[in-house]
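Please read the structure below before turning to the comments.
The values are calculated or read from the model by the stated rules, or taken from the named source; none is laboratory data. Small disclaimer: the values here were computed from a predicted structure and weren't measured. Cβ placement follows ideal geometry from the backbone for every residue including glycine, while neighbour counts extend to all protein chains displayed.
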Amino acid sequence: MYDLLICNGKIVDGTGRPAYTGNVAIVDGCIAAVGEVSGEAHRVLDAAGLLLAPGWVDTHSHMDGQATWDPYCSPASNHGITTLVMGNCGVGFAPCKPDAAERQRMIEVMEDVEDIPGAALAEGITWEWESFPEYLDALDRMPRAIDIGAQVPHCAVRTYVMGERGVNNEPATGDDIRQMAAIVRDGLAAGAVGFTTSRTQLHTTRNGEVMPGTYADASELLGIGKVIGETGQGIYGLVSDFSNWEEEMAWMKRLSIDNNCQVNFVLFYRTEDDWPRVLKQLQYVQDARAEGARLIPHVGARPVNILMGWEGTVNPFMFHQAYAPLAGLDPEARLQQLREPAVRQAIVSETPPHLGHDIMDKIATGFDNLYVLDDQPDYEPAREDSIEYRAQQAGVTPAEFAYDALLENNGKRMLYCPLFGYDNRNLDRQMQMLADQNAVISLADTGAHCGVLADASIPTWLLSYLVRDRTRGARIGLEQAVRMHTHDTARCMGLADRGTLEPGMKADINVIDLEHLAIDTPAVIYDLPAGGRRVFQGASGYRYTIVSGEVIMADGVPTGALPGRLIRAGQQTASAKPTSRKTNYPSEEAV
Ligand SMILES: [Zn+2]
């Protein structure tokens, strides 16, 4: 007798194998049989005409706070994500001394670096921990709908051990490094998936300082990494500017070889001038493999981007003097003001300030690379879709066009600004990175950048756009796309018990109406603790999302089932292979 039998679905099992029609039978939270399966079941779901795929595994989230209060880790569960890994980019909330100022410091780093409302974190987090293992225990105690895995964040570890010296990015002493390594060792022993650090100047705190650990030297980085070699467990993850990429890759290679560990690193590029560097880095990764190094580039499906809106963190008029009095108003009052013709006139006629800062100037004046996200959002817009072009066609200024667009949808309309990697105005380069034989799809930043980003929708968009709808270039084959975000992402995080629909695997499954799968347009909502703000983007087309054999979402509505668990790496996935070696994905030509 099966617990659940899903019948007549189009099975895309995550291995890359061609789709076939069949059934999936589930017993005790695991897949018992797949294919031509018959037998009695307590519950039967008819999946005729629907896609059956493994649950999505999200390798790059920042749910470290939200996972302590939200069992659904929304919006992850809205997009069929059944496993997410947090503690990325070196930020998190453990270890942390049981001291109000220290806790506030960790919250401020998360607020500044990842744009998660500090008030929401302060209200939502209960701080039932000091050490990292205690943090895991707290996560473990809480009922949840999806599985989560945590990584030990360098920033918290450094601040815990070194105090102000750590925060001020002073070099670590030998004793500091020994203490940090011991904390990481304890974290891994308790089930952390890995350790992460940040080496990018993009991650700054409110004082304009880069976050603790950014300038850590080789002795610190390798000293902590040694723990992974000693314990034989865990993944080393980092984000870097790669301003000196050869030097950076060299220590990463050494780290990986010396400790027999996998190193995950974030890979993106900024401009066309920067693109050759990416190709060289991908080649470096391949060459390093021959020497025994496992370096895994983590690549976004979309370019690094921000969304703009009146209620978001940024909008094109935020630096205008005429806008300043409106900035602090509550959304309702601000919208009323923005609709006043005199206010509009004052704002749109003001000469945009030149700020002398690459990103800020893009926000204030980059209308030629700014696009309106309408009700069917287009994340691969062409030049003719830019606000500058459309304004010209309409006979208005770009500022007027942008202003009026932002007022649509009751003032909720958002604009899409690809910050980096979109000079060519298509996703070909992004697709090329994703197709690299060593790269893994990542960087959704789920749960973070709440006022500017909604990339948690990427798995939904991967199927609905890159597989199904794209006409501006090659598409990704369905089987390959599913494998990329299930098998490959799971293996990449050391999780061998999930990511494919095969007997013995965890029964994490999406039942998808692929024809109608769609992302909503993003909009700001206020549902975090303390009324905290976030950009939310929903989805339609997920008929059922199943975790450990239980339906947690049906047609977008939570069922109340809470089968999710904290992943204790090295314990429940002791047989996990540390990385996946995928075959090259042939792309389907667009028709
Ligand atoms: Zn991140």
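Worth pointing out:
- Residues in segment 426-439 include none that are more than 30 Å from ASP287 (Cβ to Cβ) and surrounded by fewer than 18 Cβ atoms within 10 Å (Cβ to Cβ).
- Looking across segment 419-453, the residues that are within 14 Å of the ligand (Cβ to nearest atom) and not in a loop (DSSP other than H, G, I, E, B) come down to SER442, THR446.
- Taking the criterion of being more than 17 Å from GLY504 (Cα to Cα), touching a residue at least 40 places away in the same chain (Cβ under 8 Å) and either not in a loop (DSSP other than H, G, I, E, B) or not aliphatic (A, V, I, L, M) (or both), the residues of segment 1-45 that qualify are CYS7, ASN8, GLY9, LYS10, GLY16, ARG17, PRO18, ALA41, HIS42, ARG43, VAL44, LEU45.
- Residue count for segment 264-303 under the criterion of being closer than 20 Å to LEU202 by Cβ and out of contact with any Lys or Arg (no Cβ under 7 Å at 6 or more places or on another chain): the result is 20.
- Candidate set: segment 190-209, residues that are among the aliphatic types (A, V, I, L, M) and buried (at least 18 other Cβ atoms within 10 Å of the Cβ); chosen: the one nearest to HIS298 (Cα to Cα): VAL193
- Of all residues in segment 352-378, those being part of a loop (DSSP other than H, G, I, E, B) and either touching a strand residue (DSSP E or B) at 6+ places or on another chain (Cβ under 6 Å) or surrounded by 22 or more Cβ atoms within 10 Å (Cβ to Cβ) (or both) number 2.
- A count restricted to segment 185-213 and to residues that are in contact with a strand residue (DSSP E or B) (Cβ under 6 Å, 6 or more places away or on another chain) and either closer than 23 Å to MET493 by Cα or modelled with pLDDT of 95 or more (or both) stands at 11.
- Filter result (over 22 Å from ARG533 (Cβ atoms), within 16 Å of the ligand (Cβ to nearest atom) and either hydrophobic (A, V, I, L, M, F, W, C) or outside any loop (DSSP other than H, G, I, E, B) (or both)) within segment 68-123: VAL85, GLY90
- Complete set of residues in segment 11-66 that are closer than 15 Å to ALA490 by Cβ and of a type in the set (S, T, N, Q): THR15, THR59, SER61
- Within segment 235-260, considering residues that are among the aromatic types (Phe, Trp, Tyr) and more than 16 Å from the ligand (Cβ to nearest atom), the one farthest from the chain's Cα centre (by Cα): TRP251
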